[in-house]
Each structure stands twice: as structure tokens, then as C-alpha cells.
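Novice: Pasting a structure here, questions to come.
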Amino acid sequence: MQWTPVCLALDSRGVRNSEHTRFTLRNPALDRVHRSAFAKRVVYRLPAFLQPRPEPYGLVVELDEDGEVLRSFHDPGGEVFGGVTSAKERDSVLYFGTLEQEWLGRMEL
């Protein structure tokens with residue numbers, strides 16, 4: 001089994017949490033920016049606090065060897081622990097981290 005962190009859940013139209021949801025790290029606003037080399041250069045040069053960011057959303061998914069979802073845990077507003085970038089299970093406890101937090105999350109399974 002493998003736990004996989006996912007930062008944003010969108011469907012193919014960029015709609016969050018629809019019946020056709022797929023998992024992606026993509027940001028629809030940045031997808032539009034990528035159509036123009038000039039726009040990409042402008043956004044890249046912005047200070048970090050002005051650069052577009054994905055909507056806060058915490059999600060980890062447990063996958064089996066065939067990629068089938070066994071379990072998932074969601075934090076739709078990213079209020080408890082959003083932007084999960086790593087997840088590891090040990091002794092029936094799921095530990096997870098982000099690039100932005102200075103601490104690890106811990107959840108009993």
C-alpha cells in the first residue's frame with residue numbers, strides 16, 4: 001500500500017470536487033498563463049506573495065499496487081492541514097507534512 005499526497009482535486013474542466021474529479025497539482029489560472037511565454041516571465045518575476053497559489057485543500061489517498069483507491073482523507077478548506085506534500089504510515093499512524101508548515105501532522109488510523 002502507498003499513501004499519496006494530493007494538493008488539489010479538479011475535474012477536466014477545472015471544477016473542484018465534481019463527479020468527474022481527477023487529482024492534480026495544477027492551478028487553472030496558471031494553466032492560462034502558460035499559454036504565453038511573456039506572461040510566464042511576468043509571473044515568475046513577481047514577488048512570492050503575489051504569485052498565484054492553488055486553493056488550500058488537504059488530501060491524502062491510499063493506493064494499492066494496481067493504483068486503486070483504498071482510503072482517502074480530505075480537508076476541503078485546508079483548515080487543518082492543507083497542501084500535503086508527504087505522507088507516511090507507521091504503526092497505524094499516518095504522518096504528513098507540507099513545504100509550508102514547520103511541523104508534521106499526525107493522525108491515528
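Values in this text are rule-based calculations from the coordinates and carry no lab data. Since this is a predicted model, take the numbers as computed values, not measurements. Because the Cβ atoms are built from the backbone with ideal geometry, glycine has one as well, and the counts that use them run over all protein chains shown.
Novice: Out of curiosity, is VAL93 surrounded by 10 or more Cβ atoms within 10 Å (Cβ to Cβ) and either under 11 Å from TRP3 (Cα atoms) or touching a helix residue (DSSP H, G or I) at 6+ places or on another chain (Cβ under 7 Å) (or both)?
Specialist: Numbers: surrounded by 10 or more Cβ atoms within 10 Å (Cβ to Cβ): yes; either under 11 Å from TRP3 (Cα atoms) or touching a helix residue (DSSP H, G or I) at 6+ places or on another chain (Cβ under 7 Å) (or both): no.
So VAL93 fails the test.
Novice: Considering GLY105, GLY78, which residue is surrounded by 15 or more Cβ atoms within 10 Å (Cβ to Cβ) and at positive phi?
Specialist: After applying the criteria, what remains is GLY78.
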